[in-house]
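The values are calculated or read from the model by the stated rules, or taken from the named source; none is laboratory data. Treat the numbers as computed from the prediction; the structure is a model and nothing was measured. For neighbour counting, all protein chains shown are included, and Cβ atoms are generated from backbone atoms with ideal geometry for every residue, glycine included. The protein model used for the area step is the full one, side chains on, heavy atoms only, and it has no ligands, DNA or RNA in it. Shrake-Rupley method; radii C 1.70, N 1.55, O 1.52, S 1.80 Å.
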Amino acid sequence: MTNNMSGISVFLADKGIYFLTAFLLVLGIYGMITCKNYMKKLICMNIMQVAVIFFFLCFGQKNGGTIPVQVTGLMGARHYINPLPHGLMLTAIVVSLGTTGVGLALLTRIKEKYGSIEEDDIIKGENKF
Amino acid sequence: MHSLILEAVLLMALIAITLVVIFDKDLLAAVVTYCAFSFITMFLYIVMGAPDVAFTEAVIGVISTIYFVISLRNIDRRCK
Amino acid sequence: MAKKIKNAIPVVIIAIVLAAAFARFDFLPSIGDPDAPAHTRTSDYYIEHAVKDTNSPNYVTAVIVDYRAFDTMLETTVMFLAGLGVVILLASRPDPKARIIKPRKFTENREHLGAPAYQSINKDVMIKIIEPLILIYAVYVLFHGEVSLGGGFQAGALIGMVYIIDTMVSPGTISLIRLPKERSVALAGAGTFIYTLTGILTLVGGGVFLEYGKLPFSMSFEEKHSTGILMVEVGVTIGVMATIITILNAIHERARFDDDK
């Protein structure tokens, strides 16, 4: 049993977590392509962003490191995990809030002009295809 | 500090929630499920050892869900 | 049949992309390796010299507000521009014919519109107890951003959430502070201005832009860094709070709640 668990851990440490992250990202892209409703496309955009942030945070891990706040006994860079991806991801999360707000403002204007937010009705309203 | 099996379980829960969001016909249900998605990613960030990012995600996930629910008032709740 | 083929094209493309992504994962480092290329350049310097240079035990705050303060200034500008974009998009009066209004069937049964449907806790009283606690916590998170977890973003979002609770929960009452969307976007600009003002003060003191050691105050070196970080985080807080209030007011003005009068 322990042999099986360590085998699974070795697999997850090497490539398994990257598989799941890529699968979440690709699922978000599939949702953005396939869903005909514009609000679902916005929600899938936020789902894709979570996959990218998790991928960045994976790079900052160190075996046996603690969170990046200084503890008064522990010195040396080996004992703390990398604080640089955390800073970048803070900015990314806050900017995604602004992006969602602008997207919803656009959605409200589209609804007022065309009467619905389904893709087929808007294409018929535009009469271009 | 970070355990890989716990991360794998949480990621699989996230993938299951994404499938619910894509294939549901009721927009209000999709938005509330997005709130649950945001909640589980907060746990994921804590397990990864990033409590600053988790704190920010918790607050901004709630605000983002509120924006979606308010703008759903103007918009038809059904989805084809 | 043609519709089935058209529906299957995204799935085929996604399958091809997935296979291509899974095939070449050899170049990615294994998780937890302390000799990975992400750890060997500047982040070791940041961890070892953060307390000496910036007087803040939280390494994440030291990185985003002191070592890389320019990025955070541009991020605050982006938040302000997002609020500005929302105000410009929704500045016109909505056409009353264009809104889809669905009459609710159960509206006629409720005598006093706005009265709660069940005998439950009075919402107004509970809000007035919860809001000051959230505000105190937000100020605590702002001031202790460099000692423990926290910072400017979280504090600004918490204060914005207090405003959302105040205006949204009971729609009949008039709240104490009314901020239409034009004024709150001006407040977001003021937040960005406070950030840039700190940079200009360091230029006046004779240093590089945003080098807190050369602020023209009469304090010791560590206190100057702490004061510079505090001023900058106040700017970020005001910017984030005002953008959240702006987007809420802009979307909320156009929604008509059919079960209130």
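Say R0 is 25 Å: what FRET efficiency, to the nearest 0.05, do B:D24 and C:A21 get from their beta-carbon distance?
0.40
According to a simple spin-label model (label point 7 Å from Cα along Cα-to-Cβ), what is the distance in nm between A:L106 and B:I5?
4.5 nm
Under the rule of -39500 (n - 2.57) per DSSP H run of 4 or more residues, summed and divided by the residues of the protein assembly as shown, what mean residue ellipticity at 222 nm is obtained, to the nearest 500 deg cm²/dmol? List each step's numbers first, then the result.
On the way: 15 runs with 301 residues, N = 470.
Result for the protein assembly as shown: -22000 deg cm²/dmol, rounded to the nearest 500.
I'd like to compare A:44-51, C:124-131: which one has the highest average count of other Cβ atoms within 10 Å, and what's the full order after that?
With the highest mean Cβ count within 10 Å placed first, the list reads A:44-51, C:124-131.
Taking the Cα-to-Cβ direction at C:A91 and at C:S148 and moving 7 Å from each Cα, how far apart do the two end points lie in nm?
Using points 7 Å along Cα→Cβ, the separation is 4.5 nm.
Is any residue of the stretch C:196-235 close enough, with backbone N under 11 Å, to a label point placed 7 angstrom from the Cα of C:A190 along the Cα-Cβ axis, and if so, which?
Counting backbone N atoms under 11 Å from the label point, the list is empty.
Return the FRET efficiency for the residue pair B:A13, C:L203: r is the Cβ-Cβ distance, R0 is 60 Å, and the value is rounded to the nearest 0.05.
0.75
Helix B:51-71: angle to the longest alpha-carbon principal axis of chain B, degrees 0 to 90, nearest 10?
Helix B:51-71 sits at roughly 10 degrees to that axis.
Please work out the average accessible area per residue across the protein assembly as shown, using the 1.4 Å probe convention, and give it in Å².
Here the per-residue accessible area is 50 Å².
Need one value for C:11-20: mean number of C-beta atoms belonging to other chains within 10 Å of its residues' C-beta atoms.
3
How much of the accessible area of chain A, in percent, comes from carbon and sulfur atoms when a 1.4 Å probe is used?
Looking at chain A in its full context, I get 67 percent from C and S.
If you take each beta carbon of peptide A:17-24 and count the beta carbons of other chains within 10 angstrom, what is the mean? Before the final figure, lay out each step's value.
On the way: counts 6, 6, 6, 7, 3, 5, 8, 5.
Mean partner-chain Cβ count within 10 Å for A:17-24: 6.
Compute the long axis of helix A:17-34 from its Cα atoms, compare it with the longest principal axis of the Cα atoms of chain A, and write down the angle in degrees, 0 to 90, nearest 10.
Roughly 0 degrees, rounded to the nearest 10.
Label points 7 Å out from Cα along the Cβ direction at C:L74 and C:S220: separation in nm?
3.6 nm
Any idea of the total accessible area buried by the C-A contact, 1.4 Å probe, rounded to 100 Å²?
So the buried area, both faces added, is about 4400 Å².
Before we go on, tell me the buried accessible area for the B/C pair, both chains summed, 1.4 Å probe, in Å² to the nearest 100.
1900 Å²
Please report the carbon-and-sulfur percent of the accessible area for chain B; probe 1.4 Å, protein heavy atoms only, DNA, RNA and ligands left out.
Result for chain B: 76 percent of the exposed heavy-atom area is carbon or sulfur.
Helix A:84-114 sits at what angle to the longest principal axis of chain A, using alpha carbons and giving 0 to 90 degrees rounded to 10?
The two axes meet at around 10 degrees.
Highest mean first, how do A:30-37, C:153-160, B:58-65 rank when packing is the count of other Cβ atoms within 10 Å averaged over residues?
C:153-160, B:58-65, A:30-37
Can you give the average number of partner chain beta-carbon atoms within 10 Å of each beta-carbon in peptide A:113-119, as a whole number? Spell out each step's value before the answer.
Working: counts 2, 1, 4, 4, 5, 4, 1.
Across the residues of A:113-119, the mean count of other-chain Cβ atoms within 10 Å is 3.
Given the peptides C:53-60, C:41-48, C:3-10, C:176-183, arrange them by the average over their residues of other C-beta atoms within 10 Å, most packed first.
Ranking, from highest mean packing down: C:53-60, C:41-48, C:176-183, C:3-10.
To the nearest 100 Å², how much accessible surface do chains A and B cover up together, summed over both, with a 1.4 Å probe? Each step should come with its number before you reach the end.
On the way: alone 9830 and 6060 Å², together 11750 Å².
Buried: approximately 4100 Å² between B and A.
For C:I130 and C:M1 in one chain, what is 0.36 nm times their gap in residues minus the Cα-Cα distance, to one decimal in nm?
40.6 nm
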